[in-house]
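Each reported figure results from applying straightforward, stated rules to the coordinates on display, with no laboratory input. Owing to the predicted nature of the structure, the values given are computational and were not obtained by experimental measurement. Quick reminder, even Gly has a Cβ in these numbers, built from the backbone with ideal geometry, and neighbours come from all protein chains shown.
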Amino acid sequence: MIRSRIRGSSRRFVEIIRDNKKDESGLQYKELASLIDRAVSKGVYHKNMAARKKSRMYRLLKNIE
């Protein structure tokens, strides 16, 4: 369940990035990072994998601005 929420949230994030919606993208990134951090705390993801995912999404976010 946690992984599917993260996948859905990341898909929404990428769609927002493609539409160049800067305001929404920042909010969506915060939500996605929070979900990923919760997954790490519950043992669903390894901390390095979570850092890699957040880093990739953050790079997308910074390219839009």
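Below are the figures for this structure:
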| read-out | value |
| --- | --- |
| Amide H contacts under 5 Å for Val44, placed H, 5+ residues apart | none |
| Which labelled figure in [x] 16, 14, 11; [y] 21, 12, 8; [z] 21, 17, 7 is semi-axes √(5λ) of the Cα gyration tensor in Å, once derived from the coordinates | [y] |
| Sparse-neighbour loop sites [trypsin sites (Lys or Arg not before Pro); the range 28-60; at most 13 other C-beta within 10 Å; DSSP] | Lys42 |
| Contact order normalised by residue count of the chain, Cα under 8 Å, 6+ apart, percent | 38 |
| Lys/Arg +1, Asp/Glu -1 at C-beta; the chain dipole; positive extreme among Gly26, Val40, Val14 | Val40 |
| Glu31 versus Arg52: modelled label distance in nm, points set 7 Å from Cα along the beta carbon direction | 2.6 |
